[in-house]
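Here the structure comes first, spelled out in structure tokens, and everything after it is commentary.
The values are calculated or read from the model by the stated rules, or taken from the named source; none is laboratory data. What you are looking at is a predicted structure, and each value in this text was computed from that prediction instead of being measured. Here the Cβ is made from the backbone with ideal geometry for all residues, glycine too, and neighbour counts use every protein chain on show. Heavy atoms of the whole protein, side chains included, go into the accessibility calculation; ligands, DNA and RNA do not. Shrake-Rupley method; radii C 1.70, N 1.55, O 1.52, S 1.80 Å.
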Amino acid sequence: MAAPTLLELRPLGNTGLKLSCVGFGASPLGNVFGIISESDAIATVRRAFSLGVNFFDTSPYYGGTLSEKMLGKALKALEVPRNEYIVSTKCGRYKEGFDFSAERVTRSIDESLERLQLDYVDILHCHDIEFGSLDQIVTETIPALVKLKEAGKVKFIGITGLPLGIFSYVLDRVPPGTVDVILSYCHYGINDNTLEDLLPYLKSKGVGIISASPLAMGLLTESGPPEWHPAPPELKAACKAAASYCKEKGKNISKLAMQYSLSNKEISTVLVGMNSVKQVDENIAAAQELATVGKDEKTLTEVESILKPVKNQTWPSGIQQS
Ligand code: NAD
């Protein structure tokens with residue numbers, strides 16, 4: 001049974017792939033945001049797929065390989081042809097640390113494919129490249145990924161990370177068409193939309209744009225972020241105040257945040273981490289409401305004014321800021 005197209009599909013750069021505008025971030029399947037049982041993980045993925053989500057993102061780093069294993073089981077349980085879903089995983093970042101060497105990333109894809117129970121992944125990202133040498137990414141890691149592409153284990157190549165400067169650093173130094181996709185996180189949401197300035201450049205390079213963490217990794221939720229969240233205290237406090245304000249008004253900050261991130265159609269997919277059928281239902285409903293009635297502009301303006309003092313505040317990530 002083909003996935004019904006309840007969600008808008010958007011092209012991903014020059015890849016020819018069409019991704020559902022809401023993508024499934026599988027880091028929660030690695031217990032990154034609290035414990036989730038195998039049966040709940042399977043039910044959550046099934047629900048997302050049945051409502052039109054066709055894109056699933058994971059990494060060997062999430063839960064120390066647990067997310068990949070859970071996602072693999074959940075996708076297998078769908079019992080649908082492989083070409084009905086699009087999977088990305090990553091390489092170079094592991095529970096044990098970072099290793100972007102050609103030898104490690106070449107071994108990594110085989111390990112990931114085994115855990116995912118797949119013959120290929122649609123996208124293999126170099127994970128959080130600001131923690132490595134960007135020159136190694138350009139001269140060693142990406143050429144190794146090109147070989148994996150030629151071997152058919154990977155259809156497209158991506159890079160991910162937090163500081164936005166890493167993307168142009170790499171894209172300006174690799175042959176055109178080598179890096180197909182970028183994944184940026186926490187930079188296209190109500191509290192931080194700095195990715196917007198980079199969109200014309202990325203478009204000019206023909207690169208597909210994935211924007212992750214529309215809820216700012218839990219900051220824009222009623223229950224708040226996990227312990228490990230790296231945001232500075234004033235950003236956490238402002239987001240908490242905004243969430244409480246919405247709650248008092250009978251509104252949901254996560255819905256508002258989803259709709260904000262989904263509004264920009266230059267972004268191919270908004271990757272949100274989900275660990276329950278309820279969250280899937282809420283996030284898909286937010287997308288459908290946006291497509292039919294639009295966003296709640298009044299509440300959005302009010303929330304934007306609460307967040308104004310911390311607008312575009314971020315946190316350090318990696319060993320260099322380029
Ligand atoms: P997110 O902003 O999507 O927030 C996830 C948190 O929000 C989880 O606690 C989840 O349970 C909760 N949530 C989801 N829907 C909700 C709802 N409707 N109401 C209340 N709470 C809700 O952050 P994320 O999970 O870190 O990012 C999404 C995905 O993007 C990740 O799972 C991962 O796949 C990808 N990602 C990649 C990188 C990278 O490559 N460096 C970084 C961040 C995220």
| task | Would you mind pulling out the separation of the Cα centroids of segment 202-245 and segment 91-154, in Å? | result | 26 Å
| With Rg and the Kirkwood Rh both taken from Cα atoms, where does Rg over Rh land for segment 219-322? | 0.97
| said: For a distance above 27 Å, tell me the whole-number percent of Cα pairs in segment 1-147 that qualify. | reply: 22 percent
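Give, rounded to the nearest 20 debye, the magnitude of the charge dipole that the chain has about its Cα centre when Lys and Arg contribute +1 at Cβ and Asp and Glu contribute -1 at Cβ. Let's see the in-between values first.
Details: 33 positive and 37 negative charges, 74 e Å.
It comes to approximately 360 debye.
At 1.4 Å probe size, with the rest of the protein present, what percent of the exposed accessible area of the chain is carbon and sulfur atoms?
Details: 7020 of 13220 Å².
Whole-percent figure for carbon plus sulfur exposure: 53.
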| request: Could you run the Debye sum over the Cα atoms of segment 234-293, one equal point scatterer each and no solvent, and tell me log10 of I(q)/I(0) at q = 0.19, 0.20, 0.26, 0.29 Å⁻¹, two decimals? | output: -0.81, -0.88, -1.16, -1.20
| note | Dividing the helical contributions, -39500 (n - 2.57) per DSSP H run of n ≥ 4, by the residues of the chain yields a 222 nm value, nearest 500 deg cm²/dmol, of -11000 deg cm²/dmol
| query | Which distance in nm do the two modelled labels at Glu38 and Thr139 give, with both placed 7 Å along the Cα-to-Cβ direction? | reply | 4.6 nm
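What whole-number volume per residue, in cubic angstrom, does the convex hull of the C-alpha atoms of the chain give? Please list the in-between numbers first.
On the way: hull volume 38.9 nm³, N = 322.
Taking the convex hull of the Cα positions in the chain, it is 121 Å³ per residue.
Out of segment 182-243, which GluC sites (Glu not before Pro) are coil in DSSP terms and have no more than 14 other C-beta atoms within 10 Å?
Numbers: sites: Glu196, Glu222, Glu227, Glu234; in loops: Glu222, Glu227.
Qualifying residues, ordered by number: Glu222, Glu227.
How do Trp315, Trp228 rank by accessible surface area computed with a 1.4 Å probe, from largest to smallest? Mind showing how you got there, number by number?
Working: Trp315 25, Trp228 115 Å².
Largest accessible area first, the list is Trp228, Trp315.
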| request: With springs only between Cα atoms under 10 Å apart, run a GNM on the chain and tell me which of Pro226, Pro11, Pro175 wobbles the most. | output: Pro175
| request: Write down the accessible area per residue of the chain in Å², having rolled a 1.4 Å probe over the full set of protein chains. | output: 41 Å²
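Based on DSSP loop calls and a cut-off of at most 15 other Cβ atoms within 10 Å, the longest stretch of the chain free of exposed trypsin sites (Lys or Arg not before Pro) is what?
Numbers: sites that count: Lys95, Arg173, Lys249, Lys265, Lys311.
Looking at the chain, 1-94 is the longest stretch - no exposed trypsin sites (Lys or Arg not before Pro) with at most 15 other Cβ atoms within 10 Å.
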